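Structure, as structure tokens:
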Amino acid sequence: MYKFVINGGKKLSGEVKVSGAKNSVLCLMPAAILANGNYKFSNTPNLIDSISMSNLLSSMGIEFKFEENSIEIQNNGLKTFEAPYEFVKKMRASIYVLGPLVSRYGYAKVSLPGGCAWGPRPVNLHIEGIEKLGAKVEIEQGYIIAKADRLKGAKIEFNVSSVGATANILMAAVLAKGTTTIENAALEPEVISLAYFLQKMGAKISSIGTKTLEIEGVDELNSANENVIPDRIEAGTLLTAGAITKGNIKISRCNPNHLESIISKLRSVGFGITIGDDFVSLLSPNSIEPVDIETEIYPGFPTDMQAQWMSLMSIANGSSTIRENIYFDRFNHVPELIRLGANIDVDKNIAVVKGVEKLTGAKVMSTDLRASASLVLAGLVAEGTTEVLRIYHLDRGYEKIENKLKKLGADIERVYIDEF
Ligand code: UD1
């Protein structure tokens, strides 16, 4: 078990590269179920979650070769069509195998993911979508069991915009017979990237990048290669790390278009932002002004950046509110930030953050991926030493974040400990 030991107070400066997007590679990998052949994904992040996804797909018979920042995949046909609880409980994105399995093989047995650290995360839209495409679905002993002869195109309208359900149903519809329309499709860049990748595999998808996706099912797909898009949440986290230390940093190899909501809020706080084709530079003001946010679907402010923003606002020059609209209970980081001296009140899905003059180092506990990131950011500015425990949460979604922060001048070490 590892922890981070951070000595706060260093202003970050310099340049750091953004890695490939976790949430993109997690939906690209299961797309390889859809066709036999060889695949190569480049610019892949080196993460526990991508290893978890490869373990799940390997258990079905797909072969993987990992290089530093690429993944080669060989699919010679699957031997099982099952995602056992042992895999799904580690990573909810395992549900992504449902659509491709039923679509190509007419059968899938996938464990229900259950809740997560910040409350219920239903998968009803995934199940209803696959049923609309003609699959017969039963829930037995915690498993979704879906069967179909061949899926048939249908009109599917999501009442909530869902990244996961859009990706899953897209992967199901590409091999269905006839036309599928997905209304209220998610617009997150990771979903759009998946749609373009499926096109490379031979899928017929039109209106990519709009809320209505049209898919004309084909009989067969081919394997393909992809360059994974940059991780907009890692980019936002690194920018906020620069911001919270009142540093001047440049993040490169990112897509600034994907960061508009975060950049616009940082500008409102007072940060000077310069944007290039694939970089963003941040110049700090003297004072961090309080700025309200509410989380929204893309292109709104991402829920995956809410915790990190809260850390920044905890040392702002006044009060701000944070309204969480995607996951109402996503506030596990609040008690830990309070242990570092933050002044935060939560009422239902709204947090009021009263900026304090300084945070003070303490031992804090990671509870989930983005909560851990918010604690690391707070530790960078807290006076004295902060220890962030249970950083395995962080390793799920950030590639060696301590090395990137060190490169920017942070005093942060990964230390092995025996106990939790
Ligand atoms: C994905 C991201 C996660 C991010 C989230 C929201 C991956 C692997 N994970 O998760 O990092 O926080 O998008 O941007 O890409 N919902 C339903 N029924 C469903 C599915 C979702 O009601 O069947 C609701 C959820 O409770 C939530 C909203 O839809 O309120 C959006 O969730 P969704 O976009 O599906 O999140 P994930 O795909 O699980």
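Find the residue count for region 75-92, including only residues that are small (Gly, Ala, Ser) and modelled with pLDDT under 95. The number of residues fulfilling the criteria is 0. From the list LEU133, LEU194, the lone residue that is more than 11 Å from the ligand (Cβ to nearest atom) and over 30 Å from SER366 (Cα atoms) is LEU133.
Here GLY178 meets each of (1) within 14 Å of the ligand (Cβ to nearest atom); (2) at positive phi with one exception, condition (1). Do we have SER52 as within 13 Å of the ligand (Cβ to nearest atom) and among the hydroxyl-bearing types (Ser, Thr, Tyr) here? Taking the combined requirement at face value, the residue satisfies it.
Among the residues in region 373-383, are any buried (at least 22 other Cβ atoms within 10 Å of the Cβ), assigned by TED's automatic domain parsing to the domain that holds ASP304 and modelled with pLDDT under 95? Checked region 373-383: no residue is buried (at least 22 other Cβ atoms within 10 Å of the Cβ), assigned by TED's automatic domain parsing to the domain that holds ASP304 and modelled with pLDDT under 95.
Looking across region 102-117, just one residue is in a loop (DSSP other than H, G, I, E, B), touching a residue at least 40 places away in the same chain (Cβ under 8 Å) and closer than 23 Å to ASN332 by Cα, and that is ALA117.
In region 113-128, is there at least one residue being touching a strand residue (DSSP E or B) at 6+ places or on another chain (Cβ under 7 Å), buried (at least 24 other Cβ atoms within 10 Å of the Cβ) and at pLDDT 95 or above?
Looking for residues that are touching a strand residue (DSSP E or B) at 6+ places or on another chain (Cβ under 7 Å), buried (at least 24 other Cβ atoms within 10 Å of the Cβ) and at pLDDT 95 or above, one finds none in region 113-128, hence no.
The numbered conditions (1) on the phi > 0 side of the Ramachandran plot; (2) without any contact (Cβ under 8 Å) to a residue 24 or more places away in the chain are all true for PRO120 except (1). The set of residues in region 9-48 that are within 16 Å of the ligand (Cβ to nearest atom), in a helix (DSSP H, G or I) and either in the same structural domain as ALA382 (by TED's automatic domain parsing) or at pLDDT 95 or above (or both) comprises LYS22, ASN23, SER24, VAL25, LEU26, CYS27, LEU28, MET29, PRO30, ALA31.
Tally time: how many residues in region 49-76 are touching a Gly at 6+ places or on another chain (Cβ under 7 Å) and within 15 Å of CYS27 (Cβ to Cβ)? Total meeting the criteria: 1.
Could you tell me whether TYR107 is hydroxyl-bearing (Ser, Thr, Tyr), within 16 Å of the ligand (Cβ to nearest atom) and outside the structural domain of LEU369 (by TED's automatic domain parsing)? Before the answer, list the steps.
Working: hydroxyl-bearing (Ser, Thr, Tyr): yes; within 16 Å of the ligand (Cβ to nearest atom): no; outside the structural domain of LEU369 (by TED's automatic domain parsing): yes.
Considered against the rule, which asks whether it is hydroxyl-bearing (Ser, Thr, Tyr), within 16 Å of the ligand (Cβ to nearest atom) and outside the structural domain of LEU369 (by TED's automatic domain parsing), TYR107 comes out as no.
Just checking, which of LEU98, LEU78, LEU125 is touching a residue at least 12 places away in the same chain (Cβ under 8 Å), farther than 27 Å from TYR327 by Cβ and either assigned to a helix (DSSP H, G or I) or aliphatic (A, V, I, L, M) (or both)? Steps first, answer last, please.
Values: LEU98 fails: farther than 27 Å from TYR327 by Cβ; LEU125 fails: farther than 27 Å from TYR327 by Cβ.
Criteria check complete, one pass: LEU78.
What about GLY99, is it away from the ligand (no atom under 15 Å from the Cβ) and of a type in the set (Gly, Ala, Ser)? Can you show your working first?
Working: away from the ligand (no atom under 15 Å from the Cβ): no; of a type in the set (Gly, Ala, Ser): yes.
Here the answer is no, as GLY99 does not meet what is asked.
Test ILE169 against the criterion of being in contact (Cβ under 8 Å) with a residue 12 or more places away in the chain, in contact with a helix residue (DSSP H, G or I) (Cβ under 7 Å, 6 or more places away or on another chain), part of a strand (DSSP E or B) and of a type outside the set (D, E, K, R), and give yes or no. No: the conditions fail for ILE169. Screening region 178-286 for strands (runs of 3 or more DSSP E) wholly inside it with 3 or more residues that are outside the structural domain of SER161 (by TED's automatic domain parsing) and surrounded by 15 or more Cβ atoms within 10 Å (Cβ to Cβ) returns the ranges 248-252, 279-283.
Checking region 143-150 against the condition returns a match, with at least one residue being under 20 Å from ARG92 (Cα atoms), modelled with pLDDT of 95 or more and surrounded by 23 or more Cβ atoms within 10 Å (Cβ to Cβ).
The values are calculated or read from the model by the stated rules, or taken from the named source; none is laboratory data. Bear in mind the structure is a predicted one, so any value in this text is a computation, not a measurement. Glycine also receives a Cβ, built like all others from the backbone with ideal geometry; neighbour counts cover every protein chain displayed.
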